[in-house]
Amino acid sequence: MVIKDPQELFMRLLSEANNAEKQMTRALPKMARAAHNEKLVEAFQHHLEETQGQLERIEQAADSIPEIRIKRLKSHAMESLIQEGEELIDSTEKGPLRDAGLIAAAQKVEHFEIAAYGTLCELAGQLGHTKAKEILAETLKEEKSTDDKLNKLAKQDVNKRAG
Ligand SMILES: [Fe+2]
Ligand SMILES: [Fe+2]
């Protein structure tokens, strides 16, 4: 796919985000099963529900722009982040130490998503797609609050017990 203008770049990045979120709907249940701390299990389960909503938002954002269609393509970045998380799970036993590693892996994902949705919102604004920008800004907010929640969990609970 040759990208010729900002609209096509937006479509490409939105399609990547779509695939990244789909991968996370498969990864988050595994992360929840691997986690030990109850609050962390809940955080992953809650974010799975949010992620399903985020996938719907991507469709809504695409539907709000007639010239745009989501394409099938793979987010290699998300695939690698998830693989690192799986390797972490494989190399630890269930408990506080693995939880600390899971939080680190999950925060890498959230930071990646914050960067991705930040760009998408900015591009949507520049292209005059106000509705899409509003929709994607909701998701950006969720990713940021998930990152905050993980940060607090790491500081309050998990890292202390891992140490
Ligand atoms: Fe997400
Ligand atoms: Fe997320």
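The values are calculated or read from the model by the stated rules, or taken from the named source; none is laboratory data. These numbers were taken from a predicted model, which means no experiment stands behind them. Cβ atoms come from the backbone with ideal geometry, glycine included; neighbour counts cover every protein chain shown.
Worth pointing out:
- Among residues of the stretch 90-111, those that are of a type in the set (D, E, K, R), away from ligand 2 (no atom under 14 Å from the Cβ) and surrounded by 19 or more Cβ atoms within 10 Å (Cβ to Cβ), counted: 2
- Applying the set (1) without any contact (Cβ under 8 Å) to a residue 12 or more places away in the chain; (2) over 25 Å from I3 (Cα atoms); (3) within 16 Å of ligand 1 (Cβ to nearest atom) to A115 leaves exactly one unmet item: (2).
- Criterion (closer than 17 Å to D148 by Cα, under 18 Å from the mean Cα position of the chain (by Cα), within 11 Å of ligand 1 (Cβ to nearest atom) and part of a helix (DSSP H, G or I)) met by exactly one of L40, L48: L48
- I68 passes every criterion in (1) within 14 Å of L13 (Cα to Cα); (2) buried (at least 17 other Cβ atoms within 10 Å of the Cβ); (3) modelled with pLDDT of 95 or more; (4) out of contact with any Gly (no Cβ under 6 Å at 6 or more places or on another chain) apart from (3).
- Among residues of the stretch 122-152, those that are without any contact (Cβ under 8 Å) to a residue 40 or more places away in the chain, away from ligand 2 (no atom under 15 Å from the Cβ) and either among the aliphatic types (A, V, I, L, M) or buried (at least 19 other Cβ atoms within 10 Å of the Cβ) (or both), counted: 1
- Considering the conditions (1) touching a Lys or Arg at 6+ places or on another chain (Cβ under 6 Å); (2) within 30 Å of Q156 (Cβ to Cβ); (3) within 16 Å of ligand 2 (Cβ to nearest atom), R26 is excluded by exactly one of them, (1).
To keep it simple, each residue is scored yes or no on (1) buried (at least 17 other Cβ atoms within 10 Å of the Cβ); (2) farther than 18 Å from L28 by Cα.
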{"position": "H46", "(1), (2)": "no, no"}
{"position": "Q60", "(1), (2)": "no, yes"}
{"position": "S80", "(1), (2)": "no, no"}
{"position": "E113", "(1), (2)": "yes, no"}
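- Check on A137, more than 16 Å from ligand 1 (Cβ to nearest atom) and not charged (D, E, K, R): no
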